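Contents: one structure, followed by commentary.
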């Protein structure tokens, strides 16, 4: 099979032929991957945001859709021929051992982890798969692996956003746009979308933002003050430490700031103006919205089917696996408005 391999940090992925393991272990499932979206966390992994990677070389990807080809011993939640969402948060089922792939040209072992999606076939742990109906569009299903579940889970479980509370979202990519949708679903007000891209801000307004701030033209903190003063919840999807500092100053006493973006491991977050009233503020990182994929994915797909969750506009670009490095560069440049899709 063809797969995108992370051989070296801060370098292009190698798209090469890789051999699958000889047999499936208990709890492992062989999935024919149909498509995968590209999450910012994967780009951070390629760029070494979290520091040294002791497991190179290995495969990547954690949100996708495919069909079950074969199951290992003990697997009960998915069936051969069934369509599945591939997700990084753990659901029901067995936690299987990591698979080992083998590169064709030199026989070198390539690591896999519980889930990978930048490959034509993947050996996935049962608890990282959720069965779905055949008629769910595969590109939409792939968004359930992270972009949708992280965003809506954040609104319900981490932000605990209440009707009429205010929220600001810094970074309007795949997750940020769905956070905006989730905020609109619980009648948050105002919903402030913040980005440096005019086109992304336009899409944010279409999906429920009541106000937008262009950081190339306006100063974040003062513009928020003009709109509402301070916000109940501030979500960062950029990992930009200087903007996180400025954003935290815009959080109301007793409010929450949630970090979805991944600041580089070598950077420090310095919070200025601590002489001001910081009473009761919470600064926390997101844990994928504390999503339970086995329960939440069917609920979110029902919302999509009934037209209450707009996902057709989230995927804005599509690529072949051979072009994955071009897709990554376009995402990093800001040229991709929402999520980029890789079709196998």
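Once you keep just the Cα pairs under 8 angstrom separated by 6 or more residues, what percentage relative contact order results for the range 293-344?
Values: 40 pairs, mean separation 19.8, N = 52.
Here the relative contact order equals 38 percent.
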Determine the gain in length on full extension of the stretch residue 283-residue 333; use 0.36 nm per residue of separation and subtract their C-alpha separation, reporting nm with one decimal.
15.2 nm
Compute the FRET efficiency between residue 189 and residue 271 as 1/(1 + (r/R0)^6), taking r as their Cβ-Cβ distance and R0 = 35 Å, and round to the nearest 0.05.
0.85
Could you check the simple spin-label distance between residue 23 and residue 226, using points 7 Å along Cα→Cβ, in nm with one decimal?
6.8
GNM of the chain, Cα pairs under 10 angstrom: of 143, 271, 24, the biggest fluctuation goes to 271
Considering the values (i) 21.6, 68; (ii) 19.3, 61; (iii) 20.1, 62, which represents Rg and Dmax of the Cα atoms in Å as calculated for the structure under consideration?
(iii)
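Classify the range 151-287 as rounded, prolate or oblate from the Cα gyration tensor: take a ≥ b ≥ c as the square roots of its eigenvalues, call it rounded if a/c is under 1.5, otherwise prolate when a/b beats b/c and oblate if not.
Numbers: a/c = 1.29, a/b = 1.19, b/c = 1.08.
Because its axes are fairly even, with a/c under 1.5, the range 151-287 counts as rounded.
Before rounding to the nearest 500, sum -39500 (n - 2.57) across all DSSP H runs of length at least 4 in the chain and divide by the residue total; then give [θ] at 222 nm in deg cm²/dmol. Each step should come with its number before you reach the end.
Values: 9 runs with 80 residues, N = 344.
About -6500 deg cm²/dmol.
Please work out the FRET efficiency for the pair residue 218 and residue 53, using the Cβ-Cβ distance as r and a Förster radius of 41 Å; give the result to the nearest 0.05.
So the FRET efficiency works out to roughly 0.60.
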Extension gain, residue 108 back to residue 306 (0.36 nm per residue minus Cα-Cα distance, nm):
66.5 nm
Specify whether the C-alpha gyration tensor of the range 238-344 places it in the rounded, prolate or oblate class, a ≥ b ≥ c being the square roots of the eigenvalues: rounded for a/c under 1.5, otherwise prolate if a/b is larger than b/c and oblate if not.
oblate
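Would you list 23, 2 from fewest to most Cβ contacts within 10 Å?
Working: 23 10, 2 15.
Taking fewest neighbouring Cβ atoms as first place, the list is 23, 2.
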GNM flexibility winner over the chain from 153, 81, 280 (Cα, springs under 10 Å)
280
Cβ-derived FRET efficiency at R0 22 Å, residue 157 paired with residue 133, nearest 0.05:
0.30
Kindly list the residues of the range 198-224 that lie in the label zone of residue 313, defined by a backbone N under 18 Å from the point 7 Å along the Cα-to-C-beta vector.
198-214
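Would the range 134-222 count as rounded, prolate or oblate if I go by the C-alpha gyration tensor, calling it rounded below 1.5 in a/c and otherwise prolate when a/b exceeds b/c, oblate otherwise?
Numbers: a/c = 2.27, a/b = 1.39, b/c = 1.63.
It is oblate, given that a/c is not under 1.5 and a/b is not larger than b/c.
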Most exposed to least, judged by fewest other Cβ atoms within 10 Å, 98, 234, 319 sort to 98, 319, 234
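Throughout, read-outs are computed from the coordinates displayed, never taken from laboratory work. Just so we're clear, the structure is a prediction, and the values are computed from it rather than from any experiment. Note: ideal-geometry Cβ built from the backbone for every residue, glycine included; neighbour counts use all protein chains shown.
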